[in-house]
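Enquirer: Okay, here's the structure, questions in a sec.
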Amino acid sequence: MPRQTTGTSITGHGVWHPDNVLTNDELVAGFNEFVRRHNAAHPDHPLKESSSEFIEKASGIRRRYVHDKTGLVDPERMCPNIKDRPEDQLSVQAEYAVNAAKRALAAAGRHGEEVDLVVLGASNLQRLYPALAIEVQDALGAHGFGFDVSIGCSAATGAAQLACQAVRTGQAQCALVVVPELTTGHMNWRERDSHFIFGDASVSLVIEPTAKARPGSWEILSVEMLSKWSASTIRNNRGYLDRCDPETEHDETSKLFHQQGRKVFKEVVPMAETFIKGHLAKHDLAPTQIARYWLHQANGPMNQLIAKRVLGREATREEAPIILDEFGNTASAGSLIAFSRHNADLPAGSYGVMASFGAGYSLGSLLLQRQ
Ligand code: COA
């Protein structure tokens, strides 16, 4: 089979996260105090306490980076404190994107002025318009155009696919993918089932023609995307029509992240297995020929199981690295952060797969080869 390639490469990548670390113990102490106060006030509707042991065992998460922890652990608030900024200042999510973009551009040996496309992918967008990507484009002194992409936890791989296509067709020469996942804003910090899941971080990729890429870059051989409607397994109903139905306008629960975790686990594992195997088969590659799987970082045991089902045996930590123990689930940024943190040791010629799976359902996978 002739070697397939998009003729584009990841020439730089960078990760940024806020400095604040929130451990499971700190999180649980704040949550349990909230539960005690709630139960004292509402003995007829008692809530159950959370536990660090459960969180680590069920998810593999030990800590996460958060934008603000004062509000999250305040039992009277249970929400991050993030100040609104005046319209003439860089908005907070654009700042996340710029912080990671600067690192990715430095790694690629590029300047902002050389960028001619910004694709911003994130599971949550701070506003509807103007597009955050255009604000990032302006802050970096980039040219060309920018747009935002939203497909849940595959927003980053989807953004990478669009950037890759634009470079492949010659529409862009130096495309920037930015993934500012300020996820703590969408969580229901009062809900025991999900209060531990997410963390804040940002990641960025530079995508250029392979002909211009330096040794050590990662050539994108192909990108696969798949979506399949699932109405209520992972959902957040917040949107611009929020205020229009007086009966539901204050329904906080449905307008924050909510999921059926068990069902997601059960349904996504076989879907991801088939999807990744199918992608490799199109290149006549056996799963064991892939040196590294940078999988979506939602749940440690789920990643172990997917890697095992793809490989036909247990994967080592090197083959399928985990970053969620440190970062929590960073939504669509997870597989890109795993890639950025765990690729430097692989020799030229190595194959790697970056794969995402999440709300929608939506799945994305990039097959890469080191130059
Ligand atoms: N502390 C203590 N116990 C808790 C708890 C907490 N914080 N949260 C839930 N529990 C309890 C539940 O109430 C349940 O108790 P029960 O058996 O008495 O009813 C028990 O622990 C098991 O809960 P369950 O929700 O079935 O746990 P789980 O093993 O499925 O793990 C997730 C929960 C969310 C970690 C896991 O389902 C998951 O990560 N799924 C994949 C989700 C995913 O990929 N989402 C994509 C998002 S981008």
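Enquirer: Of all accessible surface on the chain at a 1.4 Å probe, what whole percent is carbon and sulfur?
Expert: Whole-percent figure for carbon plus sulfur exposure: 51.
Enquirer: If you don't mind, there's one more thing I want to ask. From the cross-link list Lys48/Lys83; Lys102/Lys277; Lys102/Lys228; Lys263/Lys308; Lys228/Lys277, which pairs have alpha carbons spaced over 24 Å apart?
Expert: Checking Cα-Cα distances, Lys48/Lys83; Lys102/Lys277; Lys102/Lys228 exceed 24 Å.
Enquirer: As a check on your grasp of the helix formula, calculate [θ] at 222 nm for the chain: sum -39500 (n - 2.57) over DSSP H runs of n ≥ 4, divide by the residue count, round to the nearest 500.
Expert: Value at 222 nm, helices only, nearest 500: -9500 deg cm²/dmol.
Enquirer: Between Ser222 and Glu252, what is 0.36 nm times their sequence separation minus the Cα-Cα distance? Round to one decimal in nm.
Expert: Gain on stretching Ser222 to Glu252: 6.8 nm.
Enquirer: Averaging the inverse of every distinct alpha carbon separation and then flipping it gives the Kirkwood radius. What is it for the chain, in angstrom units?
Expert: Radius from the Kirkwood sum: 20.9 Å.
Enquirer: For region 159-318, with only Lys/Arg (+1) and Asp/Glu (-1) charged at the beta-carbon, what is the dipole magnitude about the Cα centre, in debye rounded to 20?
Expert: Once rounded to the nearest 20, the dipole reads 600 debye.
Enquirer: Another question about this same structure. Leaving ligands, DNA and RNA out of it, rank Cys79, Cys244 by accessible area with a 1.4 Å probe, largest first.
Expert: Cys244, Cys79
Enquirer: With each pseudo-label sitting 7 Å past Cα toward Cβ, what's the Lys212-Arg77 distance in nm, one decimal?
Expert: Placing both labels 7 Å beyond Cα along the Cβ direction yields 4.5 nm.
Enquirer: Filter the chain for me: DSSP H helices, axial length by Cα at least 20 angstrom, mean Kyte-Doolittle hydropathy not below -1.0. List them by residue number.
Expert: Length and hydropathy pass: 24-41, 92-108, 261-281.
Enquirer: Using 0.36 nm per residue, how much length does the chain from Gln371 to Arg37 gain when fully extended, once their Cα-Cα distance is taken away?
Expert: 114.5 nm
Enquirer: Follow-up question, since we're still on this one. At a 10 angstrom cut-off on C-beta neighbours, averaged per residue, how do the peptides 152-159, 279-286 rank from highest to lowest?
Expert: Peptide ranking by packing, descending: 152-159, 279-286.
Enquirer: Let me ask another. Compute the Cα gyration tensor for region 218-370, then decide on rounded, prolate or oblate, letting a ≥ b ≥ c be the square roots of its eigenvalues: rounded whenever a/c is under 1.5, prolate when a/b is larger than b/c in the other cases, and oblate in all that remain.
Expert: Because a/c hits 1.5 or more and a/b exceeds b/c, region 218-370 counts as prolate.
Enquirer: Could you order peptides 326-335, 62-71 by the average number of other Cβ atoms within 10 Å of their residues, highest first?
Expert: 326-335, 62-71
Enquirer: Right, here's the next one. What shape does region 19-123 have by the C-alpha gyration tensor, where a ≥ b ≥ c are the square roots of the eigenvalues, rounded means a/c under 1.5, and otherwise prolate means a/b greater than b/c and oblate the rest?
Expert: Because a/c hits 1.5 or more and a/b exceeds b/c, region 19-123 counts as prolate.
Enquirer: What distance in nm separates the two pseudo spin-label positions at Gln4 and His45, each 7 Å out from Cα along the beta-carbon direction?
Expert: 5.3 nm
Enquirer: Starting from 0.36 nm per residue, how many nanometres of slack lie between Asp138 and Ala29 once their C-alpha separation is accounted for?
Expert: Gain in length upon complete extension: 35.1 nm.
Enquirer: From the residues Gly7, Ser91, Gly278, which one has its Cα farthest along the dipole of the chain in the positive direction, the dipole being from +1 and -1 charges on Cβ of Lys/Arg and Asp/Glu about the Cα centre?
Expert: Going by the charge dipole, the pick is Gly278.
Enquirer: Let me ask you something else. Before I look further, what does region 273-371 give for accessible area per residue, probe 1.4 Å, in whole square angstrom?
Expert: Roughly 32 Å² per residue, with all protein chains present.
Enquirer: Tell me, what is the FRET efficiency for Glu87 and Glu267 to the nearest 0.05, using R0 = 35 angstrom and their Cβ-Cβ distance as r?
Expert: Taking R0 as 35 Å, the efficiency between Glu87 and Glu267 is 0.25.
Enquirer: Extending each Cα 7 Å along its Cβ direction at Gln289 and Glu318, get the distance between those two points in nm, one decimal.
Expert: 2.1 nm
Enquirer: For region 1-81, what class follows from the C-alpha gyration tensor (a ≥ b ≥ c being the square roots of its eigenvalues): rounded when a/c is under 1.5, otherwise prolate if a/b is larger than b/c, else oblate?
Expert: prolate
The values are calculated or read from the model by the stated rules, or taken from the named source; none is laboratory data. Everything quoted here is computed from the prediction, not taken from an experiment. Don't worry about glycine lacking a Cβ; one is built from the backbone with ideal geometry, like all the others, and counts go over all protein chains shown. Accessible surface is based on the protein model in full, side chains and every heavy atom, while ligands, DNA and RNA are left aside. Shrake-Rupley method; radii C 1.70, N 1.55, O 1.52, S 1.80 Å.
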